[in-house]
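The values are calculated or read from the model by the stated rules, or taken from the named source; none is laboratory data. Quantities reported herein were computed from a predicted structural model and do not represent experimental measurements. Each accessible area value is taken on the protein alone, full model and side chains, heavy atoms only, with ligands, DNA and RNA left out. Shrake-Rupley method; radii C 1.70, N 1.55, O 1.52, S 1.80 Å.
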Amino acid sequence: MSLTALLDVPAPAKINLFLHIIGRRDDGYHLLQSVFALIDWADTLHFERRSDGRLQRHDLGPALPADDLCLRAARALQQASGCSAGADISIDKQVPWGAGLGGGSSDAASTLLALNRLWGLHWPRERLAALAVTLGADVPFFIGGHNAFVEGIGERLTPIELPESTYVVVKPAASIATSKIFSSPLLRRSTKPSIVMDFLAHNAKRNEADAATQNGSATCTTGYGYNDLQAAAEAECPEVTQVARWLETRYGNSRMSGSGSAVFARIDMQQPPKATAQQDDHPAAWAARTCRSLSRHPLVDWVS
Ligand SMILES: C[C@](O)(CO)[C@H](O)COP(=O)(O)OP(=O)(O)OC[C@H]1O[C@@H](n2ccc(N)nc2=O)[C@H](O)[C@@H]1O
Ligand SMILES: Nc1ncnc2c1ncn2[C@@H]1O[C@H](COP(=O)(O)OP(=O)(O)OP(=O)(O)O)[C@@H](O)[C@H]1O
């Protein structure tokens, strides 16, 4: 049987619509409750099969760390499967890192999904997800393929449907290391656990409100819950506060994603922003982008 020798795959980013810390494991990892939503800001990864077993990365954009998450994912899959093939991996990096947008985690997940196909391994989703969590807490979500209510350290996923939304996502110049925020004394670590039904009921109310107003101009300003990492991130990185204020002035709402430094606002396409400032009225070093929500990961059907 001949195998595909070349593959191009997307690796979309996520935002955390809310992020609660409800406890801590003995190994120091925090127990979360969050809703992860896929957005259409994505890297593109190209894979070419090699028969000599070597794994070689080529950066098409900014240089990645020597031992980046793609190579770590590829190596982990090669070792766990005993596969003798290798790959040339080229990365067109578009999603900023150190942003809380899960870009590196998504690259790792797309690498596992692509090499599973390129190497003809036929691993099922559950087996890939078990390997994924060894690479990072966010990686299993991208293997899962659906927007999700997320628990545990990030590996317990309940797929949910989210309304179609548009977000402005802004990453300031500064990046944030996730581990620094999780070790901050300012971290809120004891939010009361909620259940997925609370979030779904909130969303249902929002949809009713949207449908009830003419031209759908009701706006969900604050959304559900909080990001328990935001106060610690703002103390660490004042630019997070600046971005949040900039978004609130224009769109009436803002929330940090993950451990920052990116902040997003949900925008109502029917209603013009509150301020008339041009969208590019921000420091040139900020990366700002209007993003659409994705209902599914583009590679969701690649595994069963
Ligand atoms: C904050 C989130 O972005 C939410 O989406 C993620 O939970 C972070 O996931 P990630 O970047 O894949 O994180 P990892 O690479 O696994 O962990 C980085 C560091 O963050 C801390 N960490 C991460 C996830 C978690 N649930 N508890 C933690 O305490 C740990 O100190 C860990 O050493
Ligand atoms: N392929 C990659 N793309 C981006 N960052 C990578 C990659 N491989 C390793 N990294 C390292 O991992 C760190 C975290 O990257 P990533 O983009 O996942 O973080 P993030 O945007 O903070 O998202 P999150 O914390 O939600 O996972 C970066 O600071 C970078 O040094």
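Of note:
- Rounded tilt (10° steps) of 238-251 against the dominant C-alpha axis of the chain: 60 degrees
- Long-range Cα-Cα pairs in region 4-142 (distance over 25 Å), rounded percent: 26 percent
- The listed residues 39, 22, once ranked by accessible area (1.4 Å probe) with the largest placed first, stand as 22, 39.
- Heavy atoms of residue 197: accessible area, 1.4 Å probe, square angstrom to 10: 110 Å²
- Seen against the Cα atoms of the chain and their longest principal axis, helix 69-81 is set at about 50 degrees.
- Taking the C-alpha atoms only, the angle from helix 196-212 to the longest principal axis of the chain is near 60 degrees.
- Residues whose amide H lies under 5 Å from that of residue 148, counting only those 5 or more places away or on a different chain, are 36, 160; hydrogens are built 1.01 Å from N in the peptide plane.
- Å² per residue, accessible surface of the chain at 1.4 Å: 45 Å²
- Karplus-derived HN-Hα couplings along region 60-68 (A = 6.51, B = -1.76, C = 1.60, θ = phi - 60°), whole Hz, x at Gly and Pro: 8, x, x, 5, 8, x, 3, 10, 6
- Karplus-derived 3J(HN,Hα), 6.51/-1.76/1.60, for each residue of region 288-299, Hz, glycine and proline x: 10, 8, 8, 10, 9, 6, 10, 7, 8, 5, x, 9
- Within the listed set 254, 51, 106, the Gaussian network model of the chain (springs between alpha-carbon atoms below 10 Å) gives the highest mean-square fluctuation for 51.
- Cα-derived Rg to Rh of region 1-61, Kirkwood definition: 1.18
- Centre separation in Å (Cα based) which lies between region 1-68 and region 99-145: 7 Å
- Value of relative contact order over the chain, rounded to a whole percent, pairs C-alpha under 8 Å and six or more apart: 24 percent
- Database remark: amide H of residue 24 closer than 5 angstrom to the amide H of 31 (H placed geometrically; neighbours at sequence offset of 5 or more, or on other chains; Pro and chain starts carry no H).
- A cut-off of 5 Å between modelled amide H atoms, ignoring neighbours fewer than 5 places along the same chain, links residue 87 with 50, 54, 55, 56.
- Multiplying each eigenvalue of the alpha-carbon gyration tensor of the chain by 5 and taking the square root yields semi-axes of 33, 21, 20 Å, largest first, rounded to whole angstroms.
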